Amino acid sequence: MFANPQLEQMASTELRVLQLQRLKKTVAWAYEKSGIYKRKFDAAGVKPDDIRTLNDITKLPFTTEREIEEHSSHEFLTLPFSAISRVSLWEHPKPLIRMYTARDISCNVEMMTRSLAAADITRASVVGILGDLADSGLMDTQYALEVLGTTVVPLGTEYERAIKLLDATYLSIIVGSARRVLRLIIQAQAMGREIKEFNLSTILCFNENLQNPLKVHMRNRTGTQVYNFFASSSFGTSGMFYQCKEHVGHHLQEDYFYAEIAAFGQDVIVNEPGCMGELVLTSLTAEALPLIRYRTGQTVMRMDELCPCGRTFARYTTPFGAFN
């Protein structure tokens, strides 16, 4: 199922044109509005007008995790605080404050709507949200489910209460982090229950890394299909990578992010097919806190084969098949 087939099946030539338009706008915006990026670009001797093609992105300096940790979100912020619609604390793997404009939220909800639709979530589905809705990613998920017309059951963070709701509803799908799903399984056991007793068919699992080493364990314990999402605290979104029913790699929302693969420990970009490297991401639409050429520390390989699901967005996989 597609939420936005016009974009999810966009021809590669049209996608590259859209990416370049958005990249130019993002670079100009960051240079004008962010003191950190102005200093970084000036130090690298590059101006927004130097970005004429997508390949010109390599003229821009990388953004590192250390820079994110050493500077507050306010130092990266491109707008006055009065223009911010939401502030959220992402606690894992390290606490980060993320801020969003109304447009940022709209983009995140659109990405999550596509991600849910790719897992065959429809208006006939009954979905439980496991976790605190102060979590920005879960808030976006609830909005996206409402866009799809899905029945939503907030399960909260009290696991005994969540078990009662599982008993009382026709809930068949759970959305939550791997840690919370495992705690739900443990709570069911503590109550003398097995999670397989319930009517669950699908778990949508938010992970703090591209890999989910617990996927097989979760699938065996719950008897469900497990779809994995990369919930990035640095970007403050949970919908940038999503998994379709093929379960072979993850699609990147390429109209919202531009991806590169850097050689390990180097500033060289790897373009050869089948090569592993470090994932580097640039946000193409973020207004409040754009990140440009952010080194994620995630090991990936780009899959160039067209996905049988019909989506043209590129897929990425990780070593050992843990991303599948």
Going residue by residue through the stretch 253-275, is there one that turns out to be under 15 Å from the mean Cα position of the chain (by Cα), more than 19 Å from THR58 (Cα to Cα) and either of a type outside the set (Asp, Glu) or crowded, with 16+ Cβ neighbours inside 10 Å (or both)? yes
For the stretch 202-215, check the following and say yes or no: at least one residue is within 28 Å of ALA288 (Cβ to Cβ) and without any contact (Cβ under 8 Å) to a residue 60 or more places away in the chain. yes
Hey, does the stretch 108-117 have a residue that's surrounded by fewer than 23 Cβ atoms within 10 Å (Cβ to Cβ), over 19 Å from VAL87 (Cα atoms) and of a type in the set (Val, Ile, Thr)? yes
Please verify whether the stretch 255-278 includes one or more residues that are under 30 Å from MET99 (Cβ atoms), touching a Cys at 6+ places or on another chain (Cβ under 8 Å) and not basic (Lys, Arg). yes
Kindly indicate whether HIS74 is closer than 30 Å to ASP140 by Cβ and assigned to a loop (DSSP other than H, G, I, E, B). no
Can you tell me which residue in the stretch 135-151 is surrounded by the fewest Cβ atoms within 10 Å (Cβ to Cβ), limited to those that are in contact with a Gly (Cβ under 8 Å, 6 or more places away or on another chain) and of a type outside the set (Gly, Ala, Ser)? LEU138
If you go through THR64, THR53, THR58, the only one that is among the polar types (S, T, N, Q), under 20 Å from the mean Cα position of the chain (by Cα) and either modelled with pLDDT of 95 or more or more than 23 Å from ILE105 (Cβ to Cβ) (or both) is THR64
Is at least one residue of the stretch 24-44 under 30 Å from ARG180 (Cβ atoms) and part of a helix (DSSP H, G or I)? no
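Which of the residues belonging to the stretch 43-82 are closer than 16 Å to SER233 by Cβ and either of a type in the set (Phe, Trp, Tyr) or surrounded by 13 or more Cβ atoms within 10 Å (Cβ to Cβ) (or both)?
THR63, THR64, GLU65, GLU67, ILE68, SER73, PHE76 - these are the residues of the stretch 43-82 that are closer than 16 Å to SER233 by Cβ and either of a type in the set (Phe, Trp, Tyr) or surrounded by 13 or more Cβ atoms within 10 Å (Cβ to Cβ) (or both).
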Among the strands (runs of 3 or more DSSP E) confined wholly to the stretch 78-186, which include 3 or more residues that are in contact (Cβ under 8 Å) with a residue 40 or more places away in the chain and farther than 24 Å from GLN298 by Cα? 126-130
From the option list THR317, THR282, single residue qualifying as surrounded by fewer than 21 Cβ atoms within 10 Å (Cβ to Cβ) and either under 25 Å from ALA44 (Cβ atoms) or not aliphatic (A, V, I, L, M) (or both) is THR317
Within the stretch 4-23, considering residues that are modelled with pLDDT of 95 or more and not in a helix (DSSP H, G or I), the one surrounded by the most Cβ atoms within 10 Å (Cβ to Cβ): MET10
Could you grab me the full set of residues in the stretch 237-250 that are in contact with an Asp or Glu (Cβ under 8 Å, 6 or more places away or on another chain) and either crowded, with 22+ Cβ neighbours inside 10 Å or among the small types (Gly, Ala, Ser) (or both)? THR237, SER238, GLY239
CYS307 - would you say it is more than 30 Å from SER201 (Cα to Cα) and either surrounded by fewer than 22 Cβ atoms within 10 Å (Cβ to Cβ) or among the hydroxyl-bearing types (Ser, Thr, Tyr) (or both)? no
Residues of the stretch 205-225 satisfying the condition of being out of contact with any Ser or Thr (no Cβ under 8 Å at 6 or more places or on another chain) and surrounded by 22 or more Cβ atoms within 10 Å (Cβ to Cβ): ASN212, THR222
Filter the stretch 83-97 down to the residues that are in contact with a Phe, Trp or Tyr (Cβ under 6 Å, 6 or more places away or on another chain) and buried (at least 22 other Cβ atoms within 10 Å of the Cβ) and list them by number. none
What about LYS40, is it buried (at least 16 other Cβ atoms within 10 Å of the Cβ) and within 29 Å of LEU77 (Cβ to Cβ)? yes
Test set (1) under 16 Å from THR237 (Cβ atoms); (2) of a type in the set (A, V, I, L, M); (3) surrounded by fewer than 19 Cβ atoms within 10 Å (Cβ to Cβ) - MET1 fails condition number: (1)
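The values are calculated or read from the model by the stated rules, or taken from the named source; none is laboratory data. Please read all numbers here as calculations on a predicted model, not as lab measurements. Reconstructed Cβ throughout: ideal geometry from the backbone, glycine too, with neighbour counts over all protein chains shown.
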